[in-house]
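**Q** One structure follows; several queries about it will come next.
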Amino acid sequence: QVRLVESGGGLVQPGGSLRLSCVASGINFNIGTMEWYRQAPGKSRELVAEVTDSGSTNYADSVKGRFTISRDNAKSTVSLQMNSLKPEDTAVYYCKTTRWGRYYWGQGTQVTVSS
């Protein structure tokens with residue numbers, strides 16, 4: 001079955017950096033778009049960044065210039081490098097992909113930005 005497993009979350013001070021990773025299994029990772037979403041307390045889940053199988057990327061305006069999404073097809077991994085973190089980046093971050101018309105989500109990893 002399809003499985004997405006995130007890692008790399010944690011507590012970081014404002015201005016700090018974190019790198020999230022998502023390892024996929026059960027899919028042909030080379031094909032399809034991989035996405036990172038986040039959900040802050042009391043808010044809807046929102047798209048943070050996405051990378052297509054051709055390497056094109058798209059970012060939410062709130063993270064442009066600070067976050068970088070990348071994929072390593074050999075390792076079936078999509079990563080999110082997050083720099084210059086702000087308290088408003090605090091959320092649970094989820095990896096997502098759409099295959100065969102279905103959405104597949106990871107379990108999420110908590111990112112907390114606080115002094």
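The values are calculated or read from the model by the stated rules, or taken from the named source; none is laboratory data. Bear in mind that the values here come from a model prediction, so they are computed numbers and not experimental data. Ideal geometry is used to build each Cβ from the backbone, glycine not excepted, and the neighbour counts take in all protein chains shown. All accessible areas refer to the heavy atoms of the entire protein, side chains included, with ligands and DNA or RNA removed. Shrake-Rupley method; radii C 1.70, N 1.55, O 1.52, S 1.80 Å.
**Q** Could you give each residue of region 47-61 its phi-based ³J(HN,Hα) in whole Hz, using Karplus coefficients 6.51, -1.76, 1.60 with θ = phi - 60°, and x for Gly or Pro?
**A** Couplings: 6, 9, 7, 9, 9, 7, 6, 8, x, 5, 10, 8, 10, 5, 4 Hz.
**Q** Starting from the Cα of Lys43, draw a straight line to each of the lysines and keep only those under 21 Å, dropping any in the same chain fewer than 8 residues away.
**A** The qualifying lysines are Lys64, Lys86, Lys96.
**Q** Would you work out the charge dipole size for region 25-92 about its Cα centre, treating the Cβ of every Lys and Arg as +1 and the Cβ of every Asp and Glu as -1, and quote it to the nearest 20 debye?
**A** 140 debye
**Q** Which value, in Å², gives the accessible area per residue of region 1-80 when a 1.4 Å probe is used on the protein heavy atoms? Before the final figure, lay out the partial values.
**A** Numbers: 4230 Å² over 80 residues.
It amounts to 53 Å² per residue over region 1-80.
**Q** Nothing charged except the Cβ atoms of Lys and Arg (+1) and of Asp and Glu (-1): what's the magnitude of the dipole of the chain about its Cα centre? Round to the nearest 20 debye. All intermediate terms of the calculation are to be shown ahead of the outcome.
**A** Details: 13 positive and 9 negative charges, 33 e Å.
For this selection, approximately 160 debye.
**Q** Something else about it: For region 88-101, just list the computed ³J(HN,Hα) in residue order, Karplus coefficients 6.51, -1.76 and 1.60, θ = phi - 60°, integers in Hz, with x standing in for Gly and Pro.
**A** Couplings: 6, 7, 4, 4, 8, 9, 10, 8, 8, 9, 10, 9, 6, x Hz.
**Q** If you roll a 1.4 Å probe over region 24-80 with all protein chains in place, what percent of the accessible area is carbon or sulfur?
**A** Heavy-atom surface of region 24-80 belonging to carbon and sulfur, 1.4 Å probe: 44 percent.
**Q** Taking N as the number of residues in the chain, what is its Cα Rg relative to 2.2 N^0.38 Å? Could the numbers behind the result be given before it?
**A** Numbers: Rg = 13.4 Å, N = 115, 2.2 N^0.38 = 13.4 Å.
Output field value: 1.00.
**Q** Please list 3J(HN,Hα) in residue order for region 9-14, calculated via the Karplus relation 6.51 cos²θ - 1.76 cosθ + 1.60 where θ = phi - 60°; whole Hz, with x for glycine and proline.
**A** x, x, 9, 9, 7, x
**Q** Give me, ordered by chain and number, the residues 5 or more places off Thr90 or on other chains with an amide H under 5 Å from its own placed amide H.
**A** Amide H to amide H, under 5 Å and 5 or more residues apart or across chains, Thr90 pairs with Val113.
**Q** For region 24-115, build the charge dipole from Cβ charges (+1 Lys, Arg; -1 Asp, Glu) around the Cα centre, then report which of Ser54, Phe67, Trp105 sits farthest towards its positive end.
**A** Going by the charge dipole, the pick is Trp105.
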